[in-house]
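Here the structure comes first, spelled out in structure tokens, and everything after it is commentary.
The values are calculated or read from the model by the stated rules, or taken from the named source; none is laboratory data. Just so it is clear, the structure is predicted and the values come from calculations on it, not from any experiment. Note that we place each Cβ from the backbone using ideal geometry, even for glycine, and neighbour counts take in every protein chain shown. For the accessible areas, the whole protein counts, side chains as well, though only heavy atoms, and no ligand, DNA or RNA atoms are used. Shrake-Rupley method; radii C 1.70, N 1.55, O 1.52, S 1.80 Å.
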Amino acid sequence: VQLQASGGGLVQPGGSLRLSCVASRLTFKAYTMGWYRQAPGKQRELVAVISSGGGTDYADSVKGRFTISRDNARNKVYLQMNSLRPEDTAVYFCNARPPYGDASWGQGTLVTVSS
């Protein structure tokens, strides 16, 4: 499994970004896909997940601001992030979890929210 995340950058508070992750070497539609983040000095935490059936779940801190979606035809998962806050600053990681077996991680993409 290979995961390639992109879309991070510097944005002002209140701004928006869309992260993308393209997956390869897997049966994408069977996987639960997720976004995690790790801020400096903190543990990695779940941001959002989307199941193979399209069900979603979010961390309380991002509910109503972030939206996860997937495009099975393109093997992609997205994270639309709106109303960004300084505390959203982190490295964001894409995760792919199969029905059975271990999950895979992509490299991170840095999101910095600052004025």
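Okay, here's what the table says:
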| item | result |
| --- | --- |
| Length released on extending from Thr56 to Ser16, taking residue separation times 0.36 nm less the Cα-Cα span | 12.4 nm |
| Magnitude of the charge dipole, region 45-115, Cβ model with Lys/Arg +1 and Asp/Glu -1, debye to 20 | 260 debye |
| Accessible-area composition of the chain, carbon plus sulfur, in percent [1.4 Å probe] | 45 percent |
| Eligible lysines near Lys76 by straight Cα distance, threshold 19 Å, same-chain separation 8 or greater | Lys29 |
| Projected-area mean, the chain, by convex hull of Cα positions, square nanometres | 6.6 nm² |
| Proximal lysines relative to Lys42, as straight alpha-carbon distance under 27 Å, when same-chain residues fewer than 8 apart are discounted | Lys63 |
| Distance cut-off 15 Å, percentage of C-alpha pairs in region 51-115 lying past it | 61 percent |
| Contour minus Cα-Cα distance for Arg85 and Arg25 (0.36 nm per residue) | 18.1 nm |
| Virtual spin-label span in nm between Ala103 and Thr67, 7 Å along Cα→Cβ | 2.4 nm |
| Accessible surface, the chain, averaged per residue in Å² (probe 1.4 Å) | 53 Å² |
